[in-house]
1. Using alpha carbons only, how many degrees (0 to 90, rounded to 10) separate the axis of helix 231-240 from the longest principal axis of the chain?
2. For helix 3-23, what angle does its Cα long axis make with the longest principal axis of the chain, in degrees from 0 to 90 and rounded to 10?
3. What's the extension gain from residue 41 to residue 104 if we count 0.36 nm per residue and subtract their Cα-Cα distance?
4. Please identify, among 215, 118, 102, the residue showing maximal mean-square fluctuation in a Gaussian network model of the chain using a 10 angstrom Cα cutoff.
5. Can you put 147, 87 in order of Cβ neighbours within 10 angstrom, beginning with the fewest?
6. At a Förster distance of 35 Å, what's the computed FRET efficiency of residue 48 paired with residue 231, Cβ-Cβ distance as r, to 0.05?
7. Any chance you could give the angle, 0 to 90 degrees and rounded to 10, that helix 175-195 forms with the longest Cα principal axis of the chain?
8. How do 236, 160 rank when sorted from fewest to most other Cβ atoms within 10 Å of their own Cβ?
């Protein structure tokens, strides 16, 4: 493994371990998600583990590794000048297809939107830590072959994604669920490296969580509560969306292996502060 990749990998794993530990401390240890009345604990889990550490922390580590030349921006999903609207549309379409293929506990658009917003902040953190950071950094550790490096990084990112759920409350911390979520991670990883767009990947990866939320609401006969816009959930989702800023001092994306055409700097970078 090249020295620069090794350095970036250490930073990536360090952030991953802190994020996982915070998840266990604020959710898995006290079974926050199994206690509907624990509004304060749930808020602390979302804000500290996912917004502060999983989102802002991951973006800061990405900025550091990229600005120091230890990783390549193209591999992290932030290589384009702006989000790919076509890939975002594909991600939403595929996610909806998976949702309906599983049985669609509700087809009410507002119920689906509110559920999407409820799990969005957590999904952003998962995609940033496991794929943008872990996968994006480790892609450079598997050689110059585009397909081999993508496959290796996808495997590692998916395994770390599955193992992360041990820090959660039941049933997510069971071995069978960890294996299942690792498989889900492989699908997300394939989409991430195919699209090379962090926003499209978040749009796609969020839908398995939507199905779980809507299914739980349907089982508890509480779908009616999600039939109207849930402003706090929608606001939290908007705040958790990674922002994009321009900074002249940021390094340009580098061309993929085997390409010889020059790549111009886009001037675009990860944010210096919370989105």
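Values in this text are rule-based calculations from the coordinates and carry no lab data. Everything numeric in this text was worked out from a predicted model, so none of it was measured. Cβ placement follows ideal geometry from the backbone for every residue including glycine, while neighbour counts extend to all protein chains displayed.
1. 20 degrees
2. Approximately 10 degrees, to the nearest ten.
3. 19.8 nm
4. 102
5. Fewest-to-most ranking of 147, 87: 147, 87.
6. 0.95
7. Here the helix axis deviates by roughly 50 degrees.
8. 236, 160
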